[in-house]
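**Student:** Handing you a structure now.
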Ligand code: NAD
């Protein structure tokens, strides 16, 4: 098809079910005539840089140049001498925010209908700074880093996200009652940044109280912003609230570029069998289109996807149906 005026976007199809679910996304975007052109890139099984990265310098440069990338799941190779691809992408591309919207899908049975929460997680420091060492035998010190700049970046991103997506509330989740300086700094910065967004209601909550509230009635919660470790745990908890990792999209946001991905793995047990559910990667692609301000295309594909799921005639095995990946994909295309 003519590529004139089409914006180039990177696609990492991934391993295992990655190529099948990527094909589903490509076919659906094609059917919706989304004005993007995919540029395919690889993530390797062995180190390709001196630092032990599984991705080449050229590809990293290209992600920055094109700004948007969609990533399928990758098998984590076992052994030493390389760096995890997620760590490489996060560090080299400075992807400081991880965003996970979790919205109940009609037709997918869960304990709570009407969930619509977004977890915004600081992605670069906190307990995951990688600074740990054995002080004396039997005693390990693991440093939790909290910097003003990282707190400001994540707080500002959370409020900008809320404003752009018409969300009403942001709650900062922390444990400042115990970690008075570290989480205290995070909380203070969130509080300061909130003053620039008077139209958005700001509140704060200790992370353990938030865990209780999420289990008790998640429908009352809107956008949550939090440090790295809490965000890692809470974002998976929220995926569970809406029916699992197979339905959960995510975005990793930096100042120069954004990498969107499904949160599940390569599903080696069903790979190559046309059984995988492509919804999580598709919803991640839809998030990417919204970030690219292609909202009309994003909304059309999102509505078609939700109505196929709600009708329940073409569901994949993980959702209790008998359809193949291609049947489900075709059903969405027919809806479009
Ligand atoms: P997994 O998510 O691949 O699979 C867990 C279970 O969920 C399996 O039964 C699988 O069949 C099912 N499942 C997952 N996604 C599905 C989908 N889209 N449709 C239908 N069923 C689906 O987790 P795992 O088995 O722990 O990991 C397998 C591999 O994936 C490992 O090499 C791991 O390192 C890698 N992994 C990669 C990423 C990533 O690239 N972001 C994330 C997690 C795991």
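The values are calculated or read from the model by the stated rules, or taken from the named source; none is laboratory data. Remember, predicted model here, so these are calculated numbers, not experimental data. Every residue, glycine as well, gets a Cβ built from its backbone with ideal geometry; the counts of neighbours run over all protein chains shown.
**Student:** Which of the following residues is touching a strand residue (DSSP E or B) at 6+ places or on another chain (Cβ under 6 Å) and closer than 30 Å to residue 152 by Cβ: 53, 116?
**Tutor:** 116
**Student:** Right, another one. Can you tell me which residues in the range 110-144 are touching a helix residue (DSSP H, G or I) at 6+ places or on another chain (Cβ under 9 Å) and in a loop (DSSP other than H, G, I, E, B)?
**Tutor:** If the condition is that a residue be touching a helix residue (DSSP H, G or I) at 6+ places or on another chain (Cβ under 9 Å) and in a loop (DSSP other than H, G, I, E, B), then 110, 111, 112, 113, 114, 115, 123, 124, 125, 130, 143, 144 are the ones that fit.
**Student:** Based on this model, can you work out whether residue 98 counts as touching a strand residue (DSSP E or B) at 6+ places or on another chain (Cβ under 7 Å), within 16 Å of the ligand (Cβ to nearest atom) and modelled with pLDDT of 95 or more?
**Tutor:** Yes, satisfied.
**Student:** Which ones in the range 281-305 are farther than 26 Å from residue 61 by Cα, surrounded by fewer than 24 Cβ atoms within 10 Å (Cβ to Cβ) and either within 15 Å of the ligand (Cβ to nearest atom) or modelled with pLDDT of 95 or more (or both)?
**Tutor:** Listed by number, the residues that qualify are 296, 297, 298, 299, 300, 302, 303, 304, 305.
**Student:** Would you confirm whether or not the range 131-147 contains a residue that is within 19 Å of the chain's Cα centre (by Cα) and more than 16 Å from the ligand (Cβ to nearest atom)?
**Tutor:** No.
**Student:** Then there is this: When the residues of the range 40-86 are narrowed to those that are within 12 Å of the ligand (Cβ to nearest atom) and in a helix (DSSP H, G or I), which ends up surrounded by the most Cβ atoms within 10 Å (Cβ to Cβ)?
**Tutor:** My answer is 85.
**Student:** Collect the residues in the range 282-335 that are at positive phi and in contact (Cβ under 8 Å) with a residue 12 or more places away in the chain, keeping them in residue-number order.
**Tutor:** Answer for the range 282-335, where residues must be at positive phi and in contact (Cβ under 8 Å) with a residue 12 or more places away in the chain: just 312.
**Student:** May I pose another question? So is residue 8 part of a strand (DSSP E or B), touching a helix residue (DSSP H, G or I) at 6+ places or on another chain (Cβ under 7 Å) and away from the ligand (no atom under 16 Å from the Cβ) or not?
**Tutor:** yes
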